1. For region 1-116, what's the relative contact order in percent, using C-alpha pairs closer than 8 Å and at least 6 residues apart?
2. In degrees between 0 and 90, to the nearest 10, how far off the longest principal axis of the chain does helix 181-199 point, with axes built from Cα atoms?
3. Rounded to the nearest 500, what is the chain's calculated 222 nm mean residue ellipticity when only DSSP H runs of at least 4 contribute -39500 (n - 2.57) each, over all residues?
4. From the convex hull of the Cα coordinates of region 23-251, what is the mean projected area in square nanometres?
5. When the chain is fully extended, how far beyond the present Cα-Cα distance does residue 80 get from residue 226, taking 0.36 nm per residue of separation?
6. Using DSSP, restrict attention to beta bridges with both residues in region 109-248 and report what percent are antiparallel, rounded to the nearest 5.
7. Cut-off 10 angstrom, C-alpha nodes, Gaussian network model of the chain. Which of 143, 131, 92 fluctuates the most?
8. Of all beta bridges DSSP finds with both residues in the chain, what is the antiparallel percent, to the nearest 5?
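Laboratory data are not the source of any read-out in this text; all were calculated from the coordinates shown. Since this is a predicted model, take the numbers as computed values, not measurements. Ideal geometry is used to build each Cβ from the backbone, glycine not excepted, and the neighbour counts take in all protein chains shown.
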């Protein structure tokens, strides 16, 4: 009999995230993957600055804290120190990965570093009060764009998955969401594949997870889930943006 229980790789402590925040769902998917692959004793997670800065409290595996945006660089060093033993993942928000950490992200992908990145895109800076992020939608109201994001002044949002898919080095790029049961199940498959790719030595994998931030969006948790469906997913379409392994099989 299959029993639905807390993953062993997820610590038995309360999460600090706001009500309705989907970080908790994503944490569980990562922990389930670690359990199912039997890699808890080999896994090292890297938590940078952002809402996930305390992620080291939630995973029952070794964790390293990185400076803001530098998680891919730290993960590169960890992985290269013992590539056969370590399974390394970063857990990053959009302000961290797509702003101050963009260079580290792009070059880790270009070098095809054999690491796994979990990229949480909630279209806003969550930890610091709701400022406009590189991923904030056109017209989106934030603390620093009270009249909505003006693309003439601030430019357009950065579509990370689309951009990284153009790099020859990147191995596997997929965008998922966790706003309903179907999407959560698909997100789990993508995260597990990304970790398996690392175990198989297939190189750089990034899973972008479209997520909610009810507090800084000024919405109820239910309305935030609707906003993901109606606003975010149309702008950030879900799907596989690059899978070099699948492309190689098709060519063969």
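1. In percent, rounded to a whole number, it is 25.
2. Orientation of helix 181-199: about 40 degrees from the principal axis.
3. -9000 deg cm²/dmol
4. For the Cα atoms of region 23-251, the hull's average projected area reads 12.0 nm².
5. Numbers: separation 146, 0.36 × 146 = 52.56 nm, distance 4.17 nm.
Answer, rounded to one decimal: 48.4 nm.
6. Close to 30 percent.
7. 143
8. 20 percent
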